[in-house]
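Reading through the structure tokens given below for one structure.
The values are calculated or read from the model by the stated rules, or taken from the named source; none is laboratory data. Just so it is clear, the structure is predicted and the values come from calculations on it, not from any experiment. Cβ sites come from the backbone with ideal geometry, for glycine too, and all protein chains shown count toward neighbours. The accessibility values were calculated without ligands, DNA or RNA, using every heavy atom of the protein model including side chains. Shrake-Rupley method; radii C 1.70, N 1.55, O 1.52, S 1.80 Å.
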Amino acid sequence: MSLALIPGSFDPMTVGHLDIVKRALSLYDEVVVAVMINDQKNYDLTLEERVKIAELTVKGLDRVRVVGSEGLLIDLFDQLSADVIVKGIRNEKDRAYEEKMAAWNLAHNPRAMTVFLQAADDFEHINSTRVRELVRAGESPDEFVVPAVSEYLRARSARSAI
Ligand code: PNS
């Protein structure tokens, strides 16, 4: 049984991330989406909210589960007995950033190798920042997230506006 770990901030998880999960499923037996905290980032959504959104996004997919972690990726990798880390790459900027992360993770855990999956052209323009901007502006993020997440984000934004 091979287990792929797909870690990230997922602030929030988009259909681009979902495409990577589906393609990882065609390569590995099991996929764990790990919603994490990057100390260098400030989040609009709490870890719990980001986990909930990831669960709504992968709902119905067999062989996929979501975990939230406040620890280090390399430790989670061992705890789950994962075989590989999978990251999606949209462009050169992503690649440069992810290669640094991958090198750091590998230097601190020689088992924790990262495999990069190139994002399909259709998903190149999709990013979590744009989703947050649209929701803040009161516009629909439907093109970027699954319907259940769009509903979740709009309800959340309506609540915080009260
Ligand atoms: O794409 P992101 O948002 O940077 O993904 C977050 C995460 C934690 C997967 C990434 O930053 C990473 O691989 N970091 C390696 C160091 C680590 O495990 N940090 C967690 C505590 S700071």
Take D83 and tell me if it is open to solvent by 40 Å² or more (accessible area, probe 1.4 Å) and in contact with a Leu (Cβ under 6 Å, 6 or more places away or on another chain).
yes
Here are the criteria: (1) modelled with pLDDT of 95 or more; (2) at negative phi. Tell me which single one S81 does not satisfy.
(2)
Any residue at all in the range 104-122 that is touching a His at 6+ places or on another chain (Cβ under 9 Å), open to solvent by less than 40 Å² (accessible area, probe 1.4 Å) and within 16 Å of G8 (Cα to Cα)?
no
Near pairs, Cβ below 8 angstrom, 6+ apart or cross-chain, from the range 127-144 (closer than 14 Å to Y43 by Cα) to any residue that is open to solvent by less than 50 Å² (accessible area, probe 1.4 Å) and of a type in the set (D, E):
S128/D11; R132/D11
May I ask you to list the residues in the range 87-136 that are small (G, A, S) and within 11 Å of the ligand (Cβ to nearest atom)?
G88, A102, A103, A107, A112, S128
I'm trying to understand the selection: among the residues of the range 12-45, which are open to solvent by 10 Å² or more (accessible area, probe 1.4 Å) and in contact with a helix residue (DSSP H, G or I) (Cβ under 6 Å, 6 or more places away or on another chain)?
G16, L18, D19, D44
